[in-house]
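Here the structure comes first, spelled out in structure tokens, and everything after it is commentary.
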Amino acid sequence: NAGVIQTPRHKVTGKGQEATLWCEPISGHSAVFWYRQTIVQGLEFLTYFRNQAPIDDSGMPKERFSAQMPNQSHSTLKIQSTQPQDSAVYLCASSPRNTLYFGEGSRLIVV
Amino acid sequence: GDSVTQTEGLVTVTEGLPVMLNCTYQTAYSDVAFFWYVQYLNEAPKLLLRSSTDNKRTEHQGFHATLHKSSSSFHLQKSSVQLSDSALYYCALSDRGNMGYKLTFGTGTSLLVDP
């Protein structure tokens, strides 16, 4: 039984470039969450979807970050004009109800 | 908004000794659920235990925690740590109880168990 799949696992991008991160949730899970993980801030909530509909994007930096869930099998997190402070591990999680199942994350490094 | 505080960034304990990782919280909601997640090196965070009942001890894999709403705490404890317990531990809350809403996490506590 595959868990949450995130691609790419590692991405290095130049300042000002765009980065797109992909997430395939566990089949049958109705909710998909995006978190950003850093040593200083821990796990910061970004956004989440339920049954593909956006529910709460209160953690998203509004100007450069966007997330979509075009179908039940994948979600994307896009960061435009990346900045060094965007460097982090981006974690996707899916949930059938109240337990989050995390992927191994996408490590983004902005140079 | 909700907040979760984990005051220790790093806790070092000798194998076989007890440990307590602190977690306190602030929320305006009454129907709240609490979680401890553990993340081993190069792995995804995974659920260790959860609770939404005041003053009830919850146990899993040798760890236990009791929600105390009177002190807004949900500390994680283990009576005898093992080398394999070395990991990053996150405390979290959901302010919609068990309705599957977002979790607010603390900054995490790294537990290092020495032989």
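The values are calculated or read from the model by the stated rules, or taken from the named source; none is laboratory data. For clarity, every value in this text was computed on a predicted model and none was experimentally measured. Reconstructed Cβ throughout: ideal geometry from the backbone, glycine too, with neighbour counts over all protein chains shown. Remember, those area values only see protein heavy atoms, side chains included, never the ligands or the DNA or RNA. Shrake-Rupley method; radii C 1.70, N 1.55, O 1.52, S 1.80 Å.
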Accessible area in square angstrom per residue, the protein assembly as shown, 1.4 angstrom probe
49 Å²
Cα-based shape type of chain B, given that a ≥ b ≥ c are square roots of the gyration tensor eigenvalues and the cut on a/c is 1.5
prolate
A correct Karplus calculation of ³J(HN,Hα) over the stretch B:28-41, with 6.51 cos²θ - 1.76 cosθ + 1.60, θ = phi - 60°, whole Hz and x for Gly and Pro, returns 8, 9, 9, 8, 10, 10, 10, 9, 10, 10, 10, 10, 7, 3
Interchain or sequence-distant (5+) residues whose placed amide H lies within less than 5 Å of the amide H of A:Asp56 are A:Tyr48
Taking B:Lys46 as the anchor, which aspartates and glutamates have their alpha carbon closer than 18 Å to its alpha carbon, excluding any fewer than eight residues away along the same chain?
A:Glu24, A:Glu44, A:Glu104, B:Glu59, B:Asp85
Residue-by-residue Karplus 3J(HN,Hα) for the stretch A:83-93, coefficients 6.51, -1.76, 1.60, Hz, glycine and proline x:
10, x, 6, 7, 4, 5, 9, 9, 10, 9, 9
With a/c under 1.5 counting as rounded, go ahead and sort the stretch A:1-45 into rounded, prolate or oblate using the C-alpha gyration tensor (a ≥ b ≥ c being the square roots of the eigenvalues; past the cut-off, prolate if a/b is larger than b/c, else oblate).
oblate
Just to be sure I understand the model, the point goes 7 Å from the Cα along the line to the Cβ. What's the resulting B:Glu8 to B:Asn22 distance in nm?
1.0 nm
More than 20 Å apart - percent of Cα-Cα pairs taken over the stretch A:5-110:
31 percent
Note on the stretch B:1-52: alpha-carbon gyration tensor, axes a ≥ b ≥ c; rule is a/c under 1.5 for rounded, else prolate if a/b larger than b/c, else oblate; result prolate
Hey, how many Å between the Cα centroid of the stretch B:1-56 and the Cα centroid of the stretch A:28-92?
23 Å
May I ask you to evaluate 6.51 cos²θ - 1.76 cosθ + 1.60, the Karplus curve with θ = phi - 60°, for each residue of the stretch A:31-42 and list the ³J(HN,Hα) values in order in whole Hz, giving x for glycine and proline?
10, 10, 10, 10, 10, 10, 10, 9, 5, 6, 9, x
To make sure I understand the rule: partners must be lysines, Cα under 24 Å from the Cα of A:Lys62, and not fewer than 8 residues away in the same chain. Which ones qualify?
A:Lys11, A:Lys15, A:Lys78, B:Lys102
Starting from the Cα-Cα distance between B:Ser70 and B:Asp54, subtract it from 0.36 nm times their residue separation and give me the gain in nm to one decimal.
4.9 nm
I need the trypsin sites (Lys or Arg not before Pro) found in the stretch B:64-109, filtered to DSSP loop residues with at most 16 other beta carbons within 10 Å of theirs.
B:Lys69, B:Arg96
Against the 2.2 N^0.38 Å rule of thumb, the C-alpha Rg of the protein assembly as shown sits at a ratio of 1.02
